[in-house]
Amino acid sequence: MLRSLVGSEMCIRDRSSVMVHDWKRWRSLDVEDERERIEFSMFLGTLQDKLSKHESTAVPEDTNGEAPILIERPHRTKITFPEEIKMECIQNLLADLRGGKQLSLQLINNILDHVTPVLESCSNVVRVPTPGPDQQLIVVGDLHGSLADLLHIFETFGLPSDDRKYIFNGDFVDRGIFGLEVLMVLLACKVSKPDSVFLNRGNHEDRLLCTAYGFHTEVLAKANKAVFNSVCRVFALLPLMTVVEKVALVIHGGLPSIGDPANLIQDVEKLPRADWETMQRVELENLSPMEREQLKLMKDLLWSDPEPEMLGIAPSPRGAGCLFGNDVVYDYLTALELPHLVRSHQCVLKGFDTTAFGGVEHHTVFSASNYCGSQNFGAVLVLGTEEGEIQRSFETWVPPQESNVMIEQKTATVITDTIHKIKLALEFEFSESSLPSQLTMEQCNLILEKAVGIPMPWKTVLEIATRDDSLDPEKVMTVDFQAFLTNYEEFVRSRGQLSFEGAHMYKQLKLMQAMFAYFDHDNDGFISRSEWNLGIEILNKELPDQQFDGERFFDILDLDKSGRISINEMCEGWRISRLKVSPRIHEVLP
């Protein structure tokens, strides 16, 4: 029996060791993937800036506001928050979201309007009183668009109240499928209970990061570009850290590599946070020395990670922020007279991680369970007071039984029903119009506007009717509207959304063509590797401060691995939200 127990223990230990090794490997790949995607987005953004003069202005910039649709929209929640936001209404909204309903544009815009002055009144460093007896202060780590985890947290601990306060420590969006929903719920909670809900900015609350990691695409699918721009302005208004009096410094990333620990609070208070919608694509030569130092401090706060096995400061493999040792944590906490540093930013296997030394502690809290399929637990940090002493505990959970995928399936069901109703409305308006089957662009838009209140790009109409995405919309004058109706449901379901996301890409078509022509020197409709490298060489000479890795970016855009890039691959590269990690990484990992 003893031998059996020892053998079992060794087996468990071996499996645990393998699991930890796999976890460390996954996290290394995740960091490399993050750096690669940022560099790729910076490259595409630089091209956009260089060639934006080619973008067509003939197509309206955006479709703002909810269309006066003639049929009900069962996929949308009816909650709108027109004048005020009450917690009981937020509870009803959560029930709607759990049932698969989507946010309306009216709701989104109202929340953004309500929250803007609330966040503008916040300082860079928010101070929260020490929780008293019978009070809880709950620190929530990265959620990354996980509505299921947010629902689980509120079900377990309750909604914000006078005796139950929350600090949401950044990274509300990106990588998950419900970033917009999570963000709107948190902003609504902030408006309803401004003294019980505190929101710190994370590194993903950034215009460029959102473009690279999927939130930009999500917002275009569920709302429009104007909403995305408004959200980015709200991101820039989020406070940078929270101080729980006599207890903890709460910050998304970590401690900075510059400045005096004793002056950290004052230095952060001086930062012009609202000026920085993104901290990634910044031309340093246009900044003053003071602005460069401010940018460095902000990046450190949102991007840095602890490294307990080292002392001092070291460069971060993320490409932004720094690594800091336990001695740095000790110096800052003793200078600030606080016993705890609480941060997030890193996915950890059990949802939390704690390091104690010299009478102080630093904690990592990550609340999105099964993050990117990594099978991690979700966790929160709970702070309270018992017999005059501060108590801290971690509450963890496995991925909730009702997962994000299950909620998404409910959404798909109500969307399918709405798509069918829209088709019926289109068929009705077409029959009422007494028009022939072959229609012009103007006639099609007349029917579309009467049925759903929204016109559709002519190129999209042609693609639906003919199932051919290569037609030139400037050369095709009419379309078979009956064929359009026949193909409509299948086309919209295949896009997985009701909004006309294709309209955004159509508006960018001229820009895509200009970007493609920049590299396609022989005009044969493809970019060879030699043409690409020549274009990158010219671009790097024109922009000496931004040197791009042409070989790697060519491999990313060459989706079919044919050794050349087509215009479709260029467009797909623009839209892509998840990039594969370079195979070279696997060669250097142990």
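Taking the alpha carbon gyration tensor of the stretch 192-284, multiplying each eigenvalue by 5 and rooting it gives semi-axes of 27, 17, 11 Å, largest first. Here Glu309 and Val382 are evaluated by their C-beta separation; at R0 = 30 Å the FRET efficiency comes out at 0.60. In the stretch 377-441, a dipole from Cβ-located charges (positive for Lys and Arg, negative for Asp and Glu) runs towards its positive end, and of Trp397, Leu383, Thr440 it is Thr440 whose Cα lies farthest in that direction. Rolling a 1.4 Å probe over the heavy atoms of the protein chains gives the stretch 141-296 an accessible area of 29 Å² per residue.
Per atom type, the stretch 178-267 shows carbon and sulfur on 51% of its accessible surface, probed at 1.4 Å.
Net length available on complete extension from Glu83 to Thr355 is 93.3 nm, with 0.36 nm assigned per residue and the Cα-Cα distance removed.
Between Lys246 and Thr396, the contour length at 0.36 nm per residue exceeds the alpha carbon distance by 51.5 nm. Among the protein heavy atoms of the stretch 282-349, carbon and sulfur supply 53% of the accessible surface, probe 1.4 Å, non-protein parts ignored.
Taking the three principal axes of the alpha carbon atoms in the stretch 253-352, the coordinate ranges are 40, 30, 23 Å, sorted in descending order. Computed over protein heavy atoms with a 1.4 Å probe, the carbon and sulfur contribution to the accessible area of the stretch 404-486 reaches 56%. Each label was represented as a point 7 Å from its Cα along the Cα-to-Cβ direction; for Ala412 and Asp524 these points are 4.2 nm apart. Simple spin-label estimate for Ala517 and Thr46 gives 2.2 nm between the two label positions (7 Å along the Cα-to-Cβ direction from each Cα). At full extension, Lys270 and Thr130 could sit 47.9 nm farther apart than now, given 0.36 nm per residue minus the alpha carbon distance.
Accessible surface for the stretch 391-500, divided over its residues, is 53 Å² per residue with a 1.4 Å probe. Taking a sphere under 12 Å around the Cβ of Ile258 and counting the other residues whose Cβ falls inside, with K and R at +1 and D and E at -1, yields a net charge of -1. Dividing the Cα radius of gyration of the stretch 103-197 by its Kirkwood radius returns 0.96 for Rg/Rh.
Diffusion coefficient of the stretch 298-450 by Stokes-Einstein, Kirkwood radius over Cα pairs, 37 °C, 0.692 mPa s: 160 µm²/s.
Exposure check, 1.4 Å probe, all protein chains in place: Leu559 carries approximately 80 Å² of accessible surface.
The values are calculated or read from the model by the stated rules, or taken from the named source; none is laboratory data. These numbers come from a predicted model, not from an experiment. With ideal geometry, Cβ positions are generated from the backbone for all residues, glycine too; neighbour counts draw on all protein chains shown. Accessible surface is based on the protein model in full, side chains and every heavy atom, while ligands, DNA and RNA are left aside. Shrake-Rupley method; radii C 1.70, N 1.55, O 1.52, S 1.80 Å.
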